[in-house]
Amino acid sequence: MSAPTARMGDHVLLRYALRLENGMTIVSNLEDADPEALVLGDGTLAAALEAQVIGLAAGGRRRTSLPAGAAFGLPDPTLVQDLAVKDMPAEPALRSGTLMEFSLPDGTRLAGHVLEVGPEYARVDFNHPLAGYGIEFEVELVRILPSA
């Protein structure tokens, strides 16, 4: 009998690394004692990254390269917005280079990277910070957990 493999909706424990094409590590818990718990399909991982976990059995490991745009999309110029400074959150201090969280009227929260600040408007980029980058994803499926 073969070992069960990861499927959408499974609760899993993962160790992983996300690197740019040049080898620079963005995030890694490969060496951590405590793997990360998540539910496949809940949006924690980008769909292209989840696809690398699907089909792995506990103890399985996979390393793959994804071309620019495959994991986090390509930059969309319509996601760069000019927002009125008077409507911006007071904290953190508004300045170029700041990554801020914004709340939409429906309660959705978005991260935005402040590109520039003027007297009345701030230009904010709502693209994913890795949009347009080719990445390498290495993942180890530590365990498939019983569903709650």
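No lab work stands behind these numbers, since they all come straight from the coordinates. Treat the numbers as computed from the prediction; the structure is a model and nothing was measured. Methodologically, a virtual Cβ is constructed for each residue, glycine included, from the backbone with ideal geometry; neighbour enumeration extends over all protein chains shown.
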As an exercise, take the mean of 1/r over every pair of distinct alpha carbons in segment 77-125, invert it, and state the Kirkwood radius in angstroms.
10.9 Å
Tell me the Kirkwood hydrodynamic radius of segment 37-143 in angstroms, computed as one over the mean inverse distance between distinct C-alpha pairs.
16.1 Å
Pairwise label distance in nanometres, L99 with L20, each label 7 Å out on the Cα-Cβ vector:
1.3 nm
So which trypsin sites (Lys or Arg not before Pro) in segment 1-87 pass both tests, a DSSP loop state and at most 15 other Cβ atoms within 10 Å of the Cβ?
R7
Take Y121 and L74, extend 7 Å from each Cα along the Cα→Cβ direction, and tell me the distance between the two endpoints in nm.
2.5 nm
